[in-house]
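So the structure is just underneath, and the comments pick up after that.
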């Protein structure tokens with residue numbers, strides 16, 4: 001996670017308060033983050049100190065006004081007015097961590113050797129939720145080099161049930 005300053009934390013707490021009142025905050029703020037991530041031109045324009053605030057707000061009006069929750073839109077405008085829009089990524093990152101913790105949700109990266117079908121994904125997710133006693137937000141990846149099995153990444157914890165890992169362990173024992 002990127003460095004968070006105290007101001008980032010204050011803004012992320014504001015988003016968290018909005019999320020309590022409106023369950024769509026997570027989806028909408030994630031969409032906004034993706035819009036900025038996918039448009040380097042927009043990011044550069046909105047973060048450019050030589051462009052006046054009024055013009056930046058006009059740009060945000062075109063893209064977001066009447067398309068997202070008015071409270072989230074106001075939040076974006078405040079970030080622009082306070083010259084904090086360049087910290088959006090860090091603020092959203094902090095918000096998501098707090099939101100997931102507050103709502104008993106765990107992000108899990110699940111790596112398989114092959115693309116799994118929806119039924120398999122549902123079964124794995126259900127078992128993880130049961131085991132962790134949390135709602136799981138899976139992020140699915142494939143890596144043919146693991147041969148078979150799964151690798152679970154839960155924050156700093158990695159659970160490796162892959163065949164590659166088992167073969168490496170066996171190789172260590174045999175030496």
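Here are some notes:
- Selection count, segment 91-110, where residues are surrounded by 14 or more Cβ atoms within 10 Å (Cβ to Cβ), touching a residue at least 40 places away in the same chain (Cβ under 8 Å) and more than 11 Å from residue 138 (Cβ to Cβ): 9
- Hey, residue 154 out of contact with any helix residue (DSSP H, G or I) (no Cβ under 6 Å at 6 or more places or on another chain), farther than 13 Å from residue 110 by Cα and surrounded by 12 or more Cβ atoms within 10 Å (Cβ to Cβ) or not: no
- Residue 136, sole failed condition from (1) in contact with a helix residue (DSSP H, G or I) (Cβ under 8 Å, 6 or more places away or on another chain); (2) surrounded by fewer than 17 Cβ atoms within 10 Å (Cβ to Cβ); (3) within 24 Å of residue 31 (Cα to Cα); (4) not assigned by TED's automatic domain parsing to the domain that holds residue 52: (2)
- Residue 101 under 20 Å from residue 57 (Cβ atoms), modelled with pLDDT under 90 and more than 12 Å from the chain's Cα centre (by Cα): no
The values are calculated or read from the model by the stated rules, or taken from the named source; none is laboratory data. From a predicted model like this one, the values you see are computed outputs, not experimental measurements. Backbone-built Cβ (ideal geometry, glycine too); neighbour counts: all protein chains shown.
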